[in-house]
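Reading through the structure tokens given below for one structure.
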Amino acid sequence: MKEKKIGAGTTHAPCSDLATRCATGGKANPYATQMKRVFAAFGIMPSTMLWVSRQTGIERANLCRYVAYWEDRGMIQKVGKAHCPISGCLAGFYTTDPELVPARMYKDMGL
């Protein structure tokens, strides 16, 4: 399996046109680079927002907004809840990798 990197040089296929999808009103989104890094980080493995925040250096408040935006558009899925390895608290684990999304979700979507 090819290793995926977090950062500007990431080539994660689902987010290749993310900047275009995130543009609003024909204006470029100034946070598109941050969003690409976060999207790629969630594609590596199911992760909590705190883990991704620590890995990317991006504020968790921004991650919460990005995850909410992507959830509304079906671009990210919560794959489960477990104790976060960093905080020890119960937290949601999210992924942007379609191969890691539970099969039941595809049934719910009619696929």
- Item | Among residues of the range 54-88, those that are outside any strand (DSSP E or B) and either polar (S, T, N, Q) or surrounded by 12 or more Cβ atoms within 10 Å (Cβ to Cβ) (or both), counted | 19
- What number goes with the only condition from (1) of a type outside the set (S, T, Y); (2) modelled with pLDDT of 70 or more; (3) closer than 14 Å to T95 by Cα that C15 does not pass? (2)
- T48 fails exactly one of (1) surrounded by fewer than 18 Cβ atoms within 10 Å (Cβ to Cβ); (2) closer than 18 Å to V101 by Cβ; (3) touching a Cys at 6+ places or on another chain (Cβ under 9 Å), namely (1)
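The values are calculated or read from the model by the stated rules, or taken from the named source; none is laboratory data. Given the structure is predicted, the values throughout are model-derived calculations rather than measurements. Using ideal geometry, Cβ is built from the backbone for each residue, glycine included, and neighbour counts are taken over all protein chains shown.
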